[in-house]
Amino acid sequence: MLGALGHFTYRRRWLVLVLSGLALLLSGAGLVYGGRLSSGEVVGLEAGEARRLVEEQLHFPGDSSFTIVFRSDALTTSDPRFMEAVTSALVGLRADPRIGSVLAPDQAPGPLVKRLVSQDGHAALAIVTVDLPYREAARVFPELRTLVRGGPLTTTFTGYLAFRSDLDRVLEHDLVRAEAISLPLSVLVLLLAFRTAAAAVLPVGVGALAVLGGIAGVLLLSHFTDMAAYTINVASLIGLGVAIDYSLFIVSRYRDELAAGADYERALGRAVAKTGRAVVFSGVAVGVGLSGLVFFRGSFLASMGIAAAIVVTLAVIFALTFLPALLAVLGPAIDTGRVSIPGAGRYAGLWRRIAHWVMKRPVLVLLPTLAFVTMLGLPFWDLRLAGADVTTLPASVEAREGFELLKRSFPDQLGNRILVLVRFPSAPVLTVPRARALYDLGQRIRALPGVHDVESIVELGPELAATLATTPPMFLPPEARLALKGTVGRDFALLQVSSDLPPAGKEAAALIEAIREHRQVADGTLLVGGNAALDLDTTNFILERAPAAIAFVVVVTMIVLFLSLRSVVLPIKAVVMNFLSITASFGALVWIFQEGHLQWLLHFQAGPIDPTLPVLLFCSVFGLSMDYEVLMLTRMREEYDRTGDNTQAVADGLERTGKVVTSAAAIMVVVFGAFGLSRVVVVKAMGVTLALAIALDATLVRVLIVPATMRLFGDLNWWAPAPLLRVLDRLRDEA
């Protein structure tokens, strides 16, 4: 069927190119139409529900909020001119109907003023809540920030909306820069591989077409489902790498067929038939790996998996249609711009020699290589997880500058605060028995390790708290009204726990679990929120779904490989090889980005790993590693079917694919390495880790471990039960 597609594309080349041009126009329309990228929240978590309740009922600042830091070196907050400047700066915001509230020291209740001015007296905070859903608030935030005029005060915007706005801007800039770096370098690698300019440029064009279509698809999907801001970068990173690789495979086989004496149509038909089959199975394998993300429904990972699968699918389609049409149009011009590389001939037969060298001493090569790869993975045992925050941005970005300013001038604002809510089934929330139970809860929490203080209305005394809660507000003093407004909702009471423990540490997670140990409080139910709880809940969300996702990816990948290779043993070995690459790359992830090695080179702030990153890396590495595995083993299968000699098949297969695999790996390392230059730590970590994984996979694993194990298994490599082969043959005949 693929051979027929190759012949059809050759004869209808202009039709295929016109259809490809229409696809490009549709992609452009999708880019112009735009989308609504989100924060990438995981829904349905306990910590998320606690946050939603305090935002809705107590009007705590949430996702639709931002913070303004006003500062002056010359004026102090006790100077009337300072507060007059704050009031003047906030006039526009307070008059805007989209603003829900503005809490600033110039108009705040007395007890709150001291929390809104810095200890050194030279800075003040304004906490602004936008009365719109997050997506709408994010859209109007750039306009809202222009309404603030600091006058004699410097203004720095931080908080959630500012963080997301700056993050989107940095990601967009980094995406353009990464592609501007990776595309020329990819052309250079292709030029070294093909030694003609025309052949080198074609795969890059296919990659650009696939990426544009993928980004347009992401933006379109964002109107219907949650798409995190990272999705475009991840889709571009994966799509560009696989599209160029698939094109490289086909162009290489096409030129080999031409060199063997085939005419242009026959060469194209055979290239699409033989290598196109490997491309299809490779695309399916990569798609299977990425589809493991769908198991994480309720998070942006699921939609990211769909987006990445779309761009891989486009890469396969364009590599099998648009690229052959271009080759058909070029004809003999494929060799235009020939480049001579001195001394290139001395490497002829290199891969065959390496394969024979390895297969003569398989155990001697295999054991130390396995030991080395395992050693690379050891740091992963010390993995610490925490959600990405504003520290993922570089220090020069305004939202990050504001965060650092808060750390220096308002340390209490950034402390580890744990929200403990107790929901009750009926009103009033605070009866005397309930208030007593809440008081006992506060005392229990106060005695836990790591707890600094517990703030709640019941700390005044259970009876007094119940009396205040049932007294009409008009009869209460302002301080009592303020305390009730910040601690008692329609159906819950809030205790705020301050802790000296870092939110991302194991001790903080243990504290959250200890607080949750007893859920029943009087007739109410306890919920725990805050950053530490959110990190713990997100990690548990990932861990609960990871086994099913891993099992799905492994089993379906083995089925796909069996259909491609007609072997039971090779799919199992391929999966084991993938786990070796993943082990090493995960160890490098922790060693570099958590422990802080190579900070001088990569320029980032070390810290815990985002919980979603290992999942993204596993699915990506597992799929991408199959890229080379399928091509290499497919060619070995061809040679084995032709000769029946396992050793010769391995040597010939490696010789025929070694140059292509090396070039393809170099291209992926270039593409992923370019994304490693991102200023956003999560994207940087993914780019660097993928580049390392591909480099290790294409060298230690494919060049040393694969030939060694192929030699040890011998003809058993190609074994499959006869009944399975008969079923497979019947399916192929029916197809």
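Mind listing the long-range amide H neighbours of N416? Cut-off is under 5 Å, sequence gap 5 or more, other chains count too, H placed in the peptide plane at 1.01 Å from N.
S499
Considering the range 512-552, what Rg and Dmax in Å follow from its alpha-carbon atoms?
When restricted to the Cα atoms of the range 512-552, Rg and Dmax are 13.7, 44 Å.
If the only charges are +1 at each Lys and Arg Cβ and -1 at each Asp and Glu Cβ, what is the size of the charge dipole of the chain around the Cα centre, to the nearest 20 debye?
Charge dipole of the chain: 2120 debye, to the nearest 20.
What fraction of the Cα pairs in the range 1-56, stated in percent, has a spacing above 19 angstrom?
Summing the P(r) of the range 1-56 above 19 Å gives 63 percent of all pairs.
Share of the range 549-644's accessible area from carbon and sulfur, percent, 1.4 Å? Intermediate values should be presented prior to the final figure.
Numbers: 2060 of 2940 Å².
Taking all protein chains in place, the range 549-644 shows 70 percent carbon and sulfur surface.
Rounded to whole Å and sorted largest first, list the principal axis extents of the Cα atoms in the range 645-684.
Taking max minus min along each principal axis of the Cα atoms, the range 645-684 gives 51, 15, 6 Å.
Measure off 7 Å from each Cα along the Cα-to-Cβ vector at F8 and E84, then give the distance between these two points in nanometres to one decimal.
7.9
Positive end of the charge dipole of the range 280-415 (Lys, Arg +1 and Asp, Glu -1 on Cβ, about the Cα centre): tell me which of G402, L350, A308 has its Cα farthest that way.
The listed residue farthest towards the positive side: L350.
Under a Cβ-only charge scheme (Lys and Arg +1, Asp and Glu -1), can you give me the dipole magnitude of the range 602-676 about the Cα centre, in debye to the nearest 20? Let's see the in-between values first.
Values: 5 positive and 9 negative charges, 33 e Å.
Its charge dipole is roughly 160 debye.
Above 23 Å lies some portion of the pair distances; for the range 531-660, what is it as a whole percent of all C-alpha pairs?
Percent of Cα pairs beyond 23 Å in the range 531-660: 48.
Per Stokes-Einstein, at 20 °C and 1.002 mPa s, what whole-number D in µm² s⁻¹ belongs to the range 544-590, with the Kirkwood radius over Cα pairs as the hydrodynamic radius?
After rounding, the answer is 185 µm²/s.
Set Lys and Arg Cβ to +1 and Asp and Glu Cβ to -1, take the dipole of the range 614-665 about its Cα centre, and tell me which of L654, C619, V630 lies farthest positive.
After comparing all options, I get C619.
Return one number: the angle in degrees, 0 to 90 and rounded to the nearest 10, between the long axis of the Cα atoms of helix 197-221 and the longest principal axis of the Cα atoms of the chain.
It is inclined by approximately 40 degrees.
What is the P(r) of the range 238-316, as percent of Cα-Cα pairs per 10 Å bin from 0?
Taking every Cα pair in the range 238-316, the percentages come to 20, 38, 24, 13, 5, 1.
If one computes the Cα centroid of the range 357-427 and of the range 635-686, what distance in Å separates the two points?
The two parts, judged by their Cα centres, are 29 Å apart.
Measuring with a 1.4 Å probe in the full set of protein chains, what accessible area per residue, in whole Å², belongs to the chain? Before the final figure, lay out each step's value.
Numbers: 30570 Å² over 735 residues.
Per residue, the chain has an accessible area of 42 Å².
Probe radius 1.4 Å, ligands and nucleic acids ignored: give me the carbon and sulfur share of the accessible area of the range 675-735 as a rounded percent. Working shown, then result.
Details: 1680 of 2550 Å².
C and S fraction of accessible area: 66 percent.
Averaging sequence separations of C-alpha pairs under 8 Å and six or more residues apart, then dividing by the length of the range 551-676, give the relative contact order as a whole percent. List each step's numbers first, then the result.
Values: 81 pairs, mean separation 22.6, N = 126.
Relative CO of the range 551-676 lands at 18 percent.
If you take every DSSP beta bridge fully contained in the chain, what fraction is antiparallel? Give it as a percent rounded to 5.
Numbers: 38 of 40 bridges.
Taking every DSSP beta bridge within the chain, about 95 percent pair in antiparallel fashion.
Just to check I understand the Karplus step: with θ = phi - 60° and J = 6.51 cos²θ - 1.76 cosθ + 1.60, what whole-Hz values come out for the range 375-380, glycine and proline as x?
Whole-Hz 3J(HN,Hα) from phi for the range 375-380: 4, 4, x, 4, x, 5.
What Kirkwood Rh does the range 313-458 have if only Cα atoms enter the pairwise 1/r average? Answer in Å.
The answer is 25.3 Å.
For E172 and D263 in one chain, what is 0.36 nm times their gap in residues minus the Cα-Cα distance, to one decimal in nm?
Using 0.36 nm per residue and subtracting the Cα-Cα distance, I get 28.2 nm.
Rg over Rh of the chain, using C-alpha atoms and the Kirkwood radius, what does it come to?
Reported Rg/Rh (Cα atoms, Kirkwood Rh): 1.06.
If I model the range 1-103 as equal point scatterers sitting on the Cα atoms and use the Debye formula, what is log10 I(q)/I(0) at q = 0.10, 0.20 Å⁻¹?
The Debye formula, applied to the Cα set alone, gives -0.65, -1.10.
In degrees from 0 to 90, rounded to the nearest 10, what is the angle of the helix 134-145 Cα long axis to the longest principal axis of the chain?
70
By the scheme Lys and Arg +1, Asp and Glu -1, what is the net charge of all other residues having a beta-carbon under 11 Å from that of A514?
Taking every Cβ under 11 Å from that of A514, the sum is -1.
Given the range 460-616 reduced to its alpha-carbon atoms as identical point scatterers, what log10 I(q)/I(0) does the Debye formula return at q = 0.16, 0.21 Å⁻¹?
Each listed q maps to, in turn, -1.05, -1.33.
Return, for the Cα atoms of the range 138-269, the radius of gyration and Dmax in Å, separated by a comma.
Every Cα atom of the range 138-269 included, Rg and Dmax give 21.9, 79 Å.
List the lysines whose Cα sits under 29 Å from the Cα of K659, skipping any in the same chain fewer than 8 residues away.
Straight-line reach from K659, under 29 Å: K274, K360, K573, K684.
Quickly rank 529-541, 162-174, 277-289 as a protection proxy: mean count of other C-beta atoms within 10 Å, highest first.
On the way: 529-541: 22.7, 162-174: 19.7, 277-289: 24.5.
In decreasing order of mean packing, 529-541, 162-174, 277-289 become 277-289, 529-541, 162-174.
To the nearest 20 Debye, how big is the dipole of the range 1-97 about its Cα centre, given +1 on the beta carbon of each Lys and Arg and -1 on that of each Asp and Glu?
Here the range 1-97 has a charge dipole of around 980 debye.
Explain nothing, just compute: Karplus ³J(HN,Hα) = 6.51 cos²θ - 1.76 cosθ + 1.60, θ = phi - 60°, for every residue of the range 79-89 in order, whole Hz, x for Gly and Pro.
7, x, 5, 5, 5, 5, 5, 4, 4, 5, 5
Among L716, T699, V680, whose Cα sits farthest toward the positive end of the charge dipole of the range 675-735 (+1 at Cβ of Lys/Arg, -1 at Cβ of Asp/Glu, about the Cα centre)?
My answer, from the dipole projection, is V680.
What is the spin-label model distance, in nm, from D131 to T336 if the labels are put 7 Å beyond Cα along the C-beta direction?
6.4
Give me the orientation-averaged projected area of the Cα convex hull of the range 590-674, in nm², one decimal.
Average projection, Cα convex hull of the range 590-674: 7.2 nm².
The values are calculated or read from the model by the stated rules, or taken from the named source; none is laboratory data. Since the model is a prediction, treat every value here as computed from it, not as a measurement. Note: ideal-geometry Cβ built from the backbone for every residue, glycine included; neighbour counts use all protein chains shown. Accessible surface areas use protein heavy atoms only, side chains included; no ligands, DNA or RNA. Shrake-Rupley method; radii C 1.70, N 1.55, O 1.52, S 1.80 Å.
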